[in-house]
Amino acid sequence: MIELRDAVYGYTGKVLLSGISLTLPPGSFHFLTGPSGSGKTTFLKLCYGELRPTSGVLSILGEDLSRLTRDQMAVMRRRIGVVHQDCEFLDHLPLAENVALPLILADRPVAEGDLTELLAWVGLRSRASAFPPELSGGERQRGALARAIVAAPDIILADEPTGNLDWEMSQRLLSLLIELNRMGKTILVATHDLNLIRTAKSQVAARVLRIKDRQVQLAGADL
Ligand SMILES: Nc1ncnc2c1ncn2[C@@H]1O[C@H](COP(=O)(O)OP(=O)(O)O)[C@@H](O)[C@H]1O
Ligand SMILES: [Mg+2]
């Protein structure tokens, strides 16, 4: 669960997001839309604690962010999986190792069977030993999703995960996110692909947040 109360965020004095009060309940599925430069990526960074609000309250998984120590913050961050806009792979490591990285960094064991199963689930079993530069856009995005969920997070945040994908691959990625939501994960997807949102809404009770006039608000049912 992610909760904001009157949260404000700005870079170097310029307010980008203000007066944000909203709750993303556990197990919910939200999209985040808004024009380029409106603050979607910034909002996601707030939601995983990469940035802290300039003022107001932000609590993630029941913890008030302003009260967490660095160590507590690191523990909390492990419960959130992030699919970055540009995937952020380490190009010198094969895909399987990139996907396992969150476990390795957290000093947790990597069960080869689980890793293989995860890669199969995103349709990349045969690509396990490929290096990131050899992967197609769709393969990279599915690999990034696998890495985001390898440590079994409660919350998954995805930043324009279908940005460079064709429609068929976008739908495939969406169906993985919907499946994760059905397993009880809280999902937040930044996208400006309205077709993707419409398709999702026919399959899952997804809600749409829209950034407009520096506010993040629930959009109506008109999408
Ligand atoms: N690290 C930063 N320092 C200063 N300004 C930034 C930084 N990151 C983003 N911005 C600015 O904040 C605004 C929102 O950016 P962003 O959150 O990336 O929007 P979106 O993801 O919706 O395109 C943009 O004007 C961008 O230039
Ligand atoms: Mg962005």
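Please treat every number below as a calculation from the coordinates, not as lab data. Predicted model, so just to flag it, every value in this text is computed and none were measured. FYI the Cβ positions are ideal-geometry reconstructions off the backbone, even for glycines, and counts take in every protein chain you see.
When Leu17 is tested against (1) crowded, with 17+ Cβ neighbours inside 10 Å; (2) at positive phi; (3) touching a helix residue (DSSP H, G or I) at 6+ places or on another chain (Cβ under 8 Å), only condition (2) is not met. The single condition among (1) more than 16 Å from ligand 2 (Cβ to nearest atom); (2) under 30 Å from Gly10 (Cβ atoms) that Leu157 does not satisfy is (1).
Yes/no matrix, rows are residues, columns are (1) assigned to a loop (DSSP other than H, G, I, E, B); (2) β-branched (Val, Ile, Thr); (3) in contact (Cβ under 8 Å) with a residue 24 or more places away in the chain; (4) surrounded by fewer than 16 Cβ atoms within 10 Å (Cβ to Cβ):
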{"site": "Asn181", "(1), (2), (3), (4)": "no, no, yes, no"}
{"site": "Gly184", "(1), (2), (3), (4)": "yes, no, yes, yes"}
{"site": "Leu188", "(1), (2), (3), (4)": "no, no, yes, no"}
{"site": "His192", "(1), (2), (3), (4)": "yes, no, yes, no"}
{"site": "Leu196", "(1), (2), (3), (4)": "no, no, yes, no"}
{"site": "Thr199", "(1), (2), (3), (4)": "no, yes, yes, no"}
{"site": "Gln203", "(1), (2), (3), (4)": "yes, no, yes, yes"}
{"site": "Val216", "(1), (2), (3), (4)": "no, yes, yes, no"}
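Taking each residue of segment 24-45 that is at positive phi and looking for partners that are polar (S, T, N, Q) and away from ligand 2 (no atom under 14 Å from the Cβ) with beta-carbon atoms closer than 7 Å, six or more apart or interchain, yields Gly27/Thr186.
Considering each residue of segment 35-47 in turn, none proves to be among the small types (Gly, Ala, Ser) and assigned to a strand (DSSP E or B). Cβ separations smaller than 7 Å between residues 6+ apart or across chains give the following pairs from segment 79-98 residues that are over 13 Å from Phe131 (Cβ atoms) and among the hydrophobic types (A, V, I, L, M, F, W, C) to residues that are within 16 Å of ligand 1 (Cβ to nearest atom) and in a loop (DSSP other than H, G, I, E, B): Ile80/Tyr48; Val82/Tyr48; Val83/Pro161.
Those residues that are near ligand 1 (Cβ under 8 Å from one of its atoms), touching a strand residue (DSSP E or B) at 6+ places or on another chain (Cβ under 9 Å) and more than 13 Å from Leu209 (Cα to Cα), I need them from segment 1-36; list them, please. Of everything in segment 1-36, just one residue is near ligand 1 (Cβ under 8 Å from one of its atoms), touching a strand residue (DSSP E or B) at 6+ places or on another chain (Cβ under 9 Å) and more than 13 Å from Leu209 (Cα to Cα), namely Leu16.
Going residue by residue through segment 206-214, is there one that turns out to be on the phi > 0 side of the Ramachandran plot and touching a strand residue (DSSP E or B) at 6+ places or on another chain (Cβ under 6 Å)? Yes; the residues of segment 206-214 include at least one that is on the phi > 0 side of the Ramachandran plot and touching a strand residue (DSSP E or B) at 6+ places or on another chain (Cβ under 6 Å). Only residues that are crowded, with 16+ Cβ neighbours inside 10 Å and within 16 Å of ligand 2 (Cβ to nearest atom) were counted in segment 79-90, giving 5. Candidates are the residues of segment 53-78 that are basic (Lys, Arg) and without any contact (Cβ under 8 Å) to a residue 40 or more places away in the chain; the one that is surrounded by the most Cβ atoms within 10 Å (Cβ to Cβ) is Arg77. Could you please find all residues in segment 113-142 being in a helix (DSSP H, G or I), surrounded by 18 or more Cβ atoms within 10 Å (Cβ to Cβ) and among the aliphatic types (A, V, I, L, M)? Listed by number, the residues that qualify are Leu115, Leu118, Leu119.
Residue by residue, here is whether (1) of a type outside the set (Lys, Arg); (2) touching a Leu at 6+ places or on another chain (Cβ under 8 Å); (3) in contact (Cβ under 8 Å) with a residue 60 or more places away in the chain; (4) more than 16 Å from ligand 1 (Cβ to nearest atom) holds:
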| site | (1), (2), (3), (4) |
| --- | --- |
| Ala100 | yes, yes, no, yes |
| Ala128 | yes, yes, no, yes |
| Pro133 | yes, no, no, yes |
| Gly138 | yes, yes, no, yes |
| Gly143 | yes, yes, no, yes |
| Ile149 | yes, yes, yes, yes |
| Ile155 | yes, yes, yes, yes |
| Glu160 | yes, no, yes, no |
| Trp167 | yes, no, no, yes |
